[in-house]
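Below is one structure, written out as structure tokens, with a few remarks after it.
The values are calculated or read from the model by the stated rules, or taken from the named source; none is laboratory data. All figures in this text were calculated on a predicted structure; none of them were measured in a lab. Cβ atoms come from the backbone with ideal geometry, glycine included; neighbour counts cover every protein chain shown.
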Amino acid sequence: MAPNGVKYFIDKTGRAMAFPMMPQYYQSWTGVTSDEITVTNGELPTAEQAKRLFLFLNGNQQMYLATTPPPDEGQVAVAGQKIKFSRALEATDRVELYWVPDF
């Protein structure tokens, strides 16, 4: 926790991200070459709770939509345990998912 009361999550590479609460859940992917990933470390929250998910593609936060497929770069759709991107990922892309349970 910073002196100003903000809580940070620091990942294994040393990057810090501020969250209103600490993430309970984290999963990352590399080497994916399709337009979707499957979450396996836990059950994704419902669409109403999507604001609790923080998804980053190469360090850029993605925005969740209720539509499939997502129309624009930087947007993703969630269906069950799958997260669908607006484009196919490249093997060098890095996806990181954080879930804050009570945000």
Residue under evaluation THR92, criteria (1) modelled with pLDDT of 85 or more; (2) surrounded by 16 or more Cβ atoms within 10 Å (Cβ to Cβ), criterion not met = (2)
Answer residue from segment 19-28, given it is modelled with pLDDT of 70 or more and not in a loop (DSSP other than H, G, I, E, B) and is surrounded by the most Cβ atoms within 10 Å (Cβ to Cβ) among those | TYR25
Top-ranked residue of segment 39-60 - restricted to ones that are modelled with pLDDT under 85 and either in a strand (DSSP E or B) or in contact with a helix residue (DSSP H, G or I) (Cβ under 8 Å, 6 or more places away or on another chain) (or both), ranked as surrounded by the most Cβ atoms within 10 Å (Cβ to Cβ) | LEU53
